[in-house]
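Any read-out appearing in this document is the output of simple, stated calculations on the displayed coordinates, not a laboratory observation. What you see is a predicted model; the values in this text were computed from it and never measured. Cβ placement follows ideal geometry from the backbone for every residue including glycine, while neighbour counts extend to all protein chains displayed.
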Amino acid sequence: MSNLYLVGFMGAGKSLVGRLLAERLDRSFVDLDVHIEETVGMAIPEIFEAQGEDAFRRYEREALAWTTRVSDAVVATGGGAACDAVNLNIMHASGGRSVFLDVPWSVLAARLGQDLGDRPMITTEKEAKRLFEARRPHYQEASWTVALTGRETPEQVVSLVLEVLAGVSCAT
Ligand code: S3P
């Protein structure tokens with residue numbers, strides 16, 4: 001079986017849900033940002049600060065390419081990873097599939113509230129909302145979208161993703 005990539009905006013729950021999903025599917029779990037931090041030897045905010053966004057995006061693409069050599073994994077991507085056609089192609093070309101965790105902006109804004117300023121890419125809510133709106137069409141290019149209210153528990157989100165996957169395997 002090929003990799004399953006979770007995509008979506010910061011605060012959507014990709015890492016938490018990904019870890020649980022991997023457990024349920026008995027697959028290995030890769031957190032792309034953790035892999036980048038381990039490979040580069042720096043925390044993500046430090047990479048942004050010392051080397052800039054372009055360098056981070058290069059590491060992100062290299063990390064995605066690396067995941068294609070790991071089979072059967074659930075991969076939680078960073079919020080910008082799927083907003084690039086080349087990256088999405090890397091995920092899908094190797095037979096991988098992607099799931100967009102579609103959480104409404106109001107919920108994401110509340111979740112990100114305390115972190116604004118600490119995270120790379122966003123300093124104000126207005127800026128974050130603009131970024132979210134610009135990115136959402138890219139996330140919708142994922143193989144599947146799981147529409148969430150944001151009130152689900154992580155376990156419920158896992159069940160919804162599994163339902164989508166089960167529907168696919170029944171139909172084929
Ligand atoms: C980013 C999201 C972060 C991380 C980096 C850039 C983005 O990951 O990859 O700070 O551009 O949205 P999370 O979505 O896991 O917070």
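For V75, the residues whose modelled amide H falls within less than 5 Å of its own, excluding neighbours fewer than 5 places apart on the same chain, are L4, Y5, L6, V30.
In region 114-172, Rg over Rh equals 1.10, where Rg is the alpha-carbon radius of gyration and Rh the Kirkwood radius from pairwise Cα distances.
Charged neighbours of Q140, selected by a Cβ distance under 15 Å, balance to -1 (K, R count +1; D, E count -1). When only Cα pairs below 8 angstrom with a gap of at least 6 residues are kept, region 1-87 shows a relative contact order of 53 percent. Under the membrane-span-like helix rule (DSSP H runs whose alpha carbons stretch at least 27 Å along the helix axis, mean Kyte-Doolittle hydropathy 0.0 or higher), the chain yields none. Pairwise alpha-carbon distances in the chain exceed 22 Å for 41% of all pairs.
For region 1-62, the extents of the C-alpha atoms along the principal axes are 38, 22, 16 Å, listed from largest to smallest.
Order 87-100, 123-136, 57-70 from most to least packed using the mean count of other Cβ atoms within 10 Å.
Working: 87-100: 18.9, 123-136: 14.2, 57-70: 16.9.
For the peptides 87-100, 123-136, 57-70, the packing ranking is 87-100, 57-70, 123-136.
Take every pair of alpha-carbon atoms less than 8 Å apart whose residues are at least six positions apart; their mean separation over the length of the chain yields a relative contact order of 33 percent.
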